[in-house]
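S.K.: Just dropping this structure here.
All of the numbers you see were taken from the coordinates with simple rules; none came from a lab. Just so you know, these numbers come straight off a predicted model, no measurement behind them. Here Cβ is always computed from backbone atoms with ideal geometry, including for glycine, and neighbour counts include all displayed protein chains.
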Amino acid sequence: MGNLTYTRLIAIDAEHPDPETIQLAAEQVQKGGLVAFPTETVYGLGANALDASAIGKIYSAKGRPSNNPLIAHIATLEQIEQVAVDIPETAYQLAAYFWPGPLTLVLPRHERVPDVASAGRDTVAVRFPAHPVARALIKAAGVPIVAPSANRFTRPSATTAQHVLADLNGRVDIILDGGPTHIGVESTVLDLTAPTPIVLRPGGVTLEALQTVLPEILAPAQHVPMDDAEARPASPGMLIKHYSPNAEVLVFDGEAEAVTRRMRETASQRMADGQRVGLLLTDEDRPAFADLPVVVQPLGAAHDLAHIAQQLFAGLRALDAQQVDVILARQFPAEGMGRAIADRLLRAAEGRVIEVE
Ligand code: TXA
Ligand code: MG
């Protein structure tokens, strides 16, 4: 565990960030400190991307293994050349559509980006976030900012400043509180150094949207189990245990009615065993469970995937706060934003997706 520091939580207007507050946070970054800040996806835990010792603090604050590389955040398109080299034309084509926004591009790494930022790889992940606070902070700092999601390793990502504080109090110098984030799941990570561009992590930009610009882009590959020590995943962040609340998570997939029946049976069994049961439910699913003495965390309407994505991590954390032993959820179809939601549920469940006949 690293040295403890005093964490300052400072409120900031998400649309019109106060320049003095930004300046204070930027100076903390320049001094080699850690600043947590909102992006349009989730909160990030930021440090100067060109300062190896500051970057080292990120890994210890998160308890993150040092083989998991970080994303370098930039505030202008031109800044891409400060962190990457041999940038393919496709990067600029995608940037024209999706930047600023929730898309991260893996590119050949510029030598001035320290090894630790990229966990020793010769590539670097680059993102130009859209959030006014993130953009103002990177601009004021005058350097690219590396930032993983601002949660402790394997925990659900933080979508509010309170989540950041709960995980990282005493481990980060400043938290800029710009309110809840809009997208709620992390950026899509796209590897442009692979022979054919491939999505390493589904996220805020859908595969379908990416393919309208570059039709050859490949869908994310199968996950790699955490206990497979030999495996070297293309993206080490894609471990199967990830986004986990303290409670056990069980995800059910299959025909709608059959899934409802199985979820009810499982809830009843667990309650009979003396467990406290939490359910993550869409509005459409709620009536089918209304008679059960369970803790329900509503996700909103099933068709409103943007809203569900926004609520997902907060919902997992809210059920933890209610001290449930187990969380049951229905799997989402892996299409559009559903792909990122299904991926996060799968990882929250550490791969325990129950296929219902
Ligand atoms: O939305 C987001 O991307 C947020 C906000 C703060 O920008 N950041 C975020 O960072 O989610 P993090 O560190 O939690 O996830 C970064 C992901 C991991 O899966 C990591 O393995 C992958 O990007 N990644 C980073 N650099 C990479 C590289 N050079 N090659 C392949 N994958 C990389
Ligand atoms: Mg993360």
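S.K.: Using the count of nearby Cβ atoms within 10 Å as a rough guide to exposure, how do 193, 41, 76 rank from fewest to most?
M.R.: 76, 193, 41
S.K.: A further question follows. Considering the chain as a Gaussian network with a 10 Å cut-off on Cα pairs, which listed residue, 113, 251, 295, attains the greatest mean-square fluctuation?
M.R.: 295
S.K.: Moving on. I want to check the label-to-label distance for residue 86 and residue 307. Put each point 7 Å from Cα in the C-beta direction and report it in nm to one decimal.
M.R.: 4.7
S.K.: Could you give the C-alpha radius of gyration of region 248-356 expressed as a fraction of 2.2 N^0.38 Å, taking N as the number of residues it contains?
M.R.: Compared with the compact-globule rule of thumb, region 248-356 sits at 0.97.
S.K.: May I ask you to compute the full-extension gain from residue 139 to residue 162, defined as 0.36 nm times their residue separation minus their alpha-carbon distance, rounded to one decimal in nm?
M.R.: 5.8 nm
S.K.: Follow-up. How high is the relative contact order of the chain, given as a whole-number percent (alpha carbon pairs under 8 Å, six or more residues apart)?
M.R.: 19
S.K.: At 0.36 nm per residue, minus the direct Cα-Cα distance, what do residue 216 and residue 255 gain on full extension? Give it in nm, one decimal, please.
M.R.: 10.9 nm
S.K.: To make sure I understand, if each residue's beta carbon is the centre and we count other beta carbons within 10 Å, what order do 208, 111, 350 fall in, fewest to most?
M.R.: 111, 208, 350
S.K.: Assigning unit charges at the beta carbon (Lys, Arg +1; Asp, Glu -1) and nothing else, what dipole magnitude in debye, to the nearest 20, does the chain show about its Cα centre?
M.R.: With Lys and Arg at +1 and Asp and Glu at -1, about 860 debye.
S.K.: Using the alpha-carbon atoms, what tilt in degrees (0 to 90, nearest 10) does helix 19-30 show relative to the longest principal axis of the chain?
M.R.: Result, in degrees: 80.
S.K.: Would you tally the net charge around residue 328, using a Cβ to Cβ cut-off of less than 15 Å, leaving residue 328 out, and scoring K and R as +1, D and E as -1?
M.R.: The answer is -1.
S.K.: Determine which residues of region 173-217 fall in the zone a paramagnetic label at residue 30 would reach in this model, i.e. backbone nitrogen under 20 Å from the point 7 Å along Cα→Cβ.
M.R.: 173-176, by backbone N distance to the label point.
S.K.: Over the chain, what is the percentage of antiparallel beta bridges among all DSSP beta bridges, to the nearest 5?
M.R.: DSSP beta bridges in the chain are roughly 35 percent antiparallel.
S.K.: Let me ask something else. What dipole magnitude, in Debye to the nearest 20, does region 8-211 give about its Cα centre under +1 on Lys/Arg Cβ and -1 on Asp/Glu Cβ?
M.R.: So the dipole magnitude of region 8-211 works out to roughly 640 debye.
S.K.: Among 254, 349, 34, pick out the residue whose Cα is farthest towards the positive end of the charge dipole of the chain, where Lys and Arg carry +1 and Asp and Glu carry -1 on C-beta, about the Cα centre.
M.R.: Towards the positive end, the residue furthest out is 34.
S.K.: So what's the angle, to the nearest 10 degrees on a 0 to 90 scale, between helix 52-62 and the longest Cα principal axis of the chain?
M.R.: So the inclination is approximately 10 degrees.
S.K.: Could I ask something else about it? Suppose the chain between residue 283 and residue 52 were pulled fully straight at 0.36 nm per residue; how much longer would it get relative to their current alpha carbon spacing?
M.R.: Extra length from residue 283 to residue 52 when fully extended: 78.4 nm.
S.K.: Then there's this: In whole percent, what relative contact order does region 277-349 give with Cα contacts below 8 Å and a gap of six or more residues?
M.R.: About 33 percent, as a whole number.
S.K.: Please list, or write none, the aspartates and glutamates whose alpha carbon is within less than 15 Å of the alpha carbon of residue 62, excluding same-chain residues fewer than 8 places away.
M.R.: 167, 173
S.K.: Around residue 90, under 14 Å between beta carbons, what's the net of Lys plus Arg minus Asp minus Glu among the other residues?
M.R.: Within the 14 Å Cβ shell, the charges total -4.
S.K.: Additional query: Could you check which residue among 11, 26, 134 shows the biggest mean-square fluctuation in a GNM of the chain with a 10 Å Cα cutoff?
M.R.: 11
S.K.: Turning to a different aspect of this structure: If neighbour count is taken as other Cβ atoms inside 10 Å, put 326, 35, 249 in order from fewest to most.
M.R.: 326, 249, 35
S.K.: When the Debye formula is applied to the Cα atoms of the chain, each taken as the same point scatterer, what base-10 log of I(q)/I(0) results at q = 0.08 Å⁻¹?
M.R.: With one equal scatterer per Cα and no solvent, log10 I(q)/I(0) is -0.38.
S.K.: Add -39500 (n - 2.57) for each DSSP H run of 4 or more in the chain, then divide by its residues: what number comes out at 222 nm, to the nearest 500 deg cm²/dmol?
M.R.: Dividing the helical sum by the residues of the chain leaves -9000 deg cm²/dmol.
S.K.: Cα axis of helix 256-272 to longest principal axis of the chain: angle in degrees, 0 to 90, nearest 10?
M.R.: Approximately 80 degrees, to the nearest ten.
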